[in-house]
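K.L.:
Let me give you the structure first, and then I'll get to my questions.
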Amino acid sequence: ALVKRRKVDHGDGRLAEFVLSRADLNADLRKAWAVWTAGTARRVAPAGLVHKTAYKFARGHFSLPPDVAAAVNTWNPRETTLVIGGKAKCGKTALAQALLLEASPVGFWMTKSLDNLKDVPFRADGSDALFLDEIHLCDMSPDQCKNLLDLEEASAVKCRFRNAVIPAGTTRAITTQARAPSAFLPRGMAGDDLDAALRRLHFVSVTSDLRK
């Protein structure tokens, strides 16, 4: 009844914020939220947002230079957000998708727009992965940037009309044409904010074509 009332009064976005922010929720309430999520997870996605459970390439289809291979091999998808930076048309997007499916067998949501995050019906347990293709965070506030990159806590990301809520533990990968974190993160980010953002991401710099 509590879950239903929250949905009626405030909508799905506020309901998600409430459920995911409560560490003391009992098993029945969490189960109710999971059922509600399952009921909406397969709805028709808006333009520019797709869900993938398979991909034509795997890690073995790529020719990774030693430095890229080492960086990829040390990424822990449960601890940091993978950011693959480099020029266009070098295989970044394909590699990111292959790595996400290794980390998340149930698949991932893919978009090129941060604003589409509010429409992603994430599973409450964080088992879905998220892929943001060819973006940068230069225009974000430092706090919003840290929220987007943070895997430890459920976090709200500001979008038009309503916020997106990303469950804790959601594996994340981002591709960008920025060649270094300084060109990817918010302009002027410094001090403790910069340190916190760098702890939350795993940057892989690509300088050559990764495709065989």
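The values are calculated or read from the model by the stated rules, or taken from the named source; none is laboratory data. The model shown is predicted, which means the values in this text are computed figures rather than measured ones. Cβ coordinates were reconstructed from backbone atoms using ideal geometry, including for glycine residues, and neighbour counts include every protein chain displayed. Remember, those area values only see protein heavy atoms, side chains included, never the ligands or the DNA or RNA. Shrake-Rupley method; radii C 1.70, N 1.55, O 1.52, S 1.80 Å.
K.L.:
Please find, within region 77-98, the residue that is farthest from the chain's Cα centre (by Cα) out of those that are open to solvent by 60 Å² or more (accessible area, probe 1.4 Å) and within 20 Å of His202 (Cβ to Cβ). Spell out how you get there, then give the answer.
P.N.:
Of region 77-98, the ones open to solvent by 60 Å² or more (accessible area, probe 1.4 Å) are 78-79, 87, 89.
Narrowing further to those that are within 20 Å of His202 (Cβ to Cβ): 78-79, 87.
Working: Arg78: 12, Glu79: 12, Lys87: 21 Å.
The extreme case among them is Lys87.
K.L.:
On to the next question. Under 6 Å between Cβ atoms, which residue pairs at least 6 apart in sequence (or on different chains) link something in region 145-157 that is at negative phi with a partner that is assigned to a strand (DSSP E or B)?
P.N.:
Asn147/Ser155; Asn147/Val157; Leu148/Val157; Leu149/Thr81; Leu149/Leu201; Ser155/Ile166; Ala156/Val165; Val157/Ala164
K.L.:
Moving on. Could you tell me which numbered condition Glu152 fails, if it satisfies all but one of (1) acidic (Asp, Glu); (2) more than 20 Å from Ile84 (Cβ to Cβ); (3) touching a Phe, Trp or Tyr at 6+ places or on another chain (Cβ under 9 Å)?
P.N.:
(3)
K.L.:
Here's something else I'd like to know. Look through region 99-134, keep the residues that are β-branched (Val, Ile, Thr) and either assigned to a loop (DSSP other than H, G, I, E, B) or touching a Lys or Arg at 6+ places or on another chain (Cβ under 6 Å) (or both), and return whichever of them is most open to solvent (accessible area, probe 1.4 Å).
P.N.:
In the first step, residues of region 99-134 are kept if they are β-branched (Val, Ile, Thr); the result is 106, 111, 120.
Then keep just the ones that are either assigned to a loop (DSSP other than H, G, I, E, B) or touching a Lys or Arg at 6+ places or on another chain (Cβ under 6 Å) (or both); that gives 106, 120.
Working: Val106: 52, Val120: 14 Å².
Looking at residues that are β-branched (Val, Ile, Thr) and either assigned to a loop (DSSP other than H, G, I, E, B) or touching a Lys or Arg at 6+ places or on another chain (Cβ under 6 Å) (or both), I get Val106.
K.L.:
Before we move on, is Asp139 open to solvent by 10 Å² or more (accessible area, probe 1.4 Å), outside any loop (DSSP other than H, G, I, E, B), touching a residue at least 24 places away in the same chain (Cβ under 8 Å) and within 28 Å of Val206 (Cβ to Cβ)? Reasoning before the result, please.
P.N.:
Values: open to solvent by 10 Å² or more (accessible area, probe 1.4 Å): yes; outside any loop (DSSP other than H, G, I, E, B): no; touching a residue at least 24 places away in the same chain (Cβ under 8 Å): yes; within 28 Å of Val206 (Cβ to Cβ): yes.
Taking the combined requirement at face value, the residue does not satisfy it.
K.L.:
Another question, if that's okay. Working carefully through the options Ala38, Ala45, Ala16, find the one that is open to solvent by less than 30 Å² (accessible area, probe 1.4 Å), more than 17 Å from His202 (Cβ to Cβ) and at pLDDT below 70. Reasoning before the result, please.
P.N.:
Numbers: Ala38 fails: open to solvent by less than 30 Å² (accessible area, probe 1.4 Å); Ala45 fails: open to solvent by less than 30 Å² (accessible area, probe 1.4 Å).
None of the other options fit; the residue is Ala16.
K.L.:
Quick check on region 154-192: of everything there that is of a type in the set (A, V, I, L, M), outside any strand (DSSP E or B) and within 17 Å of the chain's Cα centre (by Cα), which residue is surrounded by the fewest Cβ atoms within 10 Å (Cβ to Cβ)?
P.N.:
Start the filter on region 154-192 by keeping residues that are of a type in the set (A, V, I, L, M), which leaves 154, 156-157, 164-166, 168, 173-174, 178, 180, 183, 185, 189-190.
With outside any strand (DSSP E or B) added as a condition, the list becomes 154, 168, 178, 180, 183, 185, 189-190.
Next, only the ones that are within 17 Å of the chain's Cα centre (by Cα) stay: 154, 168, 185.
On the way: Ala154: 22, Ala168: 14, Leu185: 26.
So, considering only residues that are of a type in the set (A, V, I, L, M), outside any strand (DSSP E or B) and within 17 Å of the chain's Cα centre (by Cα), the one surrounded by the fewest Cβ atoms within 10 Å (Cβ to Cβ) is Ala168.
K.L.:
When you check Ser182 against the structure, is it within 22 Å of Met110 (Cα to Cα) and modelled with pLDDT of 95 or more, yes or no?
P.N.:
On the way: within 22 Å of Met110 (Cα to Cα): no; modelled with pLDDT of 95 or more: yes.
Answer is no for this residue.
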